[in-house]
Amino acid sequence: MKTKHLLNNLFLFAAAFSLLLTSCKKDPEPLALDSLMAGTIDMNGATSPTNVPVNPTIIATFNVEVDPATANATNITMVQDYDDAPIALTVTSSGKTITIVPQASLGTGALYQLSFGAGLKSVDALAITPFQRNFTTEGAFAPAGAIAHFTFEDNANDIIGPWDPAAADIIGITYTASRKTAAGKAATFNGTTSLIEIPNGDLIMNTNSFTVAFWMKTNSEGKTNGHFVMGLAGWNGFQYEVFGDYSGSKFAIQYQHPTGTASEDMWFPALADLGWKGWTYAKSLTLAEMAALLKDSWIHVVYTYNAPTKVGTLYFNGQRMKAFDFNLWDATDNKSKVTGLKYAGLPAGNHLALGFIQGRDNRTISDEWADYSLPANNHFKGQLDDIRFWHKAITANEILLMYNSEKP
């Protein structure tokens, strides 16, 4: 009997001890964010950061281990605030951390929202309470995806692409104060010899959709003729000029169609009207209004070509000035079949000239007026800054945001 009583006591003691251990076991914690960092920048503070790099690596650290199967681009998303465009992300996890990297550079000076959804769970299958964090990228606003950007901060290099000019191809350029302090410096051209030749310009324009944007300030002092602001083999590639009396300006651009190329001018004169084939919009400015934009003042110039719609559009200072539509040409005209831009100049003449209509060597245009060596020709005199190119048509909203962010 004593043995049986002892065994019963041992059983009761073991059961009580087991119950005590069970009651002391900690319940699994719900998944919660401990920190969110982009390098040394805290993205989880009381205020949203405004200096996040355009190519951030974002590290999210949680209180418990994350179920790696749920740490994916479905449960973690990012959108661009001004147009709700989704940003493609690469998401990886290890233990308590998740690493989030945008697959392409973000736009500068733009607001983004990073969201963590309820599908994100801990290893104990407990879901997170959904939350969002906002941040703004560093710099002035510019749409994402530019292929080249020339800032002219004491050099003529392309800060994001491969289009740095050789030292021998930078002639008579000085770097002086730009339109405002935040813009730094601009390239200044003397109107007779100044030139920057960008290599492989054909690769800049051989694209279906296209945008070029830049800041320009002409200098009329002692200038009696026009300004060839830039040119890639002239109209055999693309070129932009300001008329000598400041009554207008034009882009001349070569476009691809199924059997070759065709040139079309985006010319915008004062007192413009819609009497020309393909024109769908033209803002009618007086001679004085046009000169106020183009003469001795900083102006933001943007040209876009949208290949799916076949529409080309010119903007001054964030406002639409002129538009044409290739769909309005006759069906028998090759221009109605245009697919995009196409370089049609000499193979060895593909330097994009800043400050003239074409490069010095292997000239596509042989006329004397297109000879760089003659100082009396239409060399650009003035300043250029923040020249950007995209292989897409940026939107009217993006253009206005960019102008408002960068204007003097």
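Each value in this text was obtained by applying a stated rule to the coordinates, not by laboratory testing. Every value quoted in this text rests on a predicted model; they were computed, and no experiment measured them. With ideal geometry, Cβ positions are generated from the backbone for all residues, glycine too; neighbour counts draw on all protein chains shown.
Rounded to the nearest 500, the helix-only mean residue ellipticity at 222 nm of the chain stands at -3500 deg cm²/dmol, with each DSSP H run of n ≥ 4 adding -39,500 (n - 2.57).
Two tests apply to each whole DSSP H helix in the chain, Cα reach of 27 Å or more along its axis and mean Kyte-Doolittle hydropathy of at least -1.0, and the ones passing both are 2-24. Across the alpha-carbon set of segment 102-148, the Rg to Rh ratio works out to 1.19, Rh being the Kirkwood radius.
Over all alpha-carbon pairs in the chain, figure out the percentage whose distance exceeds 40 Å. The share of Cα pairs beyond 40 Å in the chain comes to 33 percent. Taking the Cα centre of the chain as origin and assigning +1 to Lys and Arg Cβ atoms and -1 to Asp and Glu Cβ atoms, the resulting dipole is close to 1060 debye.
Out of every Cα-Cα pair that segment 33-136 contains, those further apart than 23 angstrom amount to 20 percent.
Label reach from ALA32 (point 7 Å along Cα→C-beta): in segment 106-150, amide nitrogens under 12 Å belong to 129. Pairs exceeding 26 Å between alpha-carbon atoms, taken from LYS295/LYS392; LYS250/LYS407; LYS310/LYS407; LYS335/LYS381: LYS295/LYS392; LYS310/LYS407; LYS335/LYS381. Here the simple spin-label model places points 7 Å from the Cα toward Cβ, and for LYS180 and SER263 these points are separated by 3.8 nm.
With both labels modelled 7 Å from their Cα along Cα-to-Cβ, the ILE160 to LEU274 distance reads 3.5 nm. At an R0 of 56 angstrom, the distance between the Cβ atoms of THR90 and ASP371 translates into a FRET efficiency of 0.65.
Spatial offset of segment 51-87 relative to segment 125-185 amounts to 23 Å, using the alpha carbon center of each.
The value of relative contact order for the chain, using C-alpha pairs under 8 Å at least six residues apart, is 17 percent.
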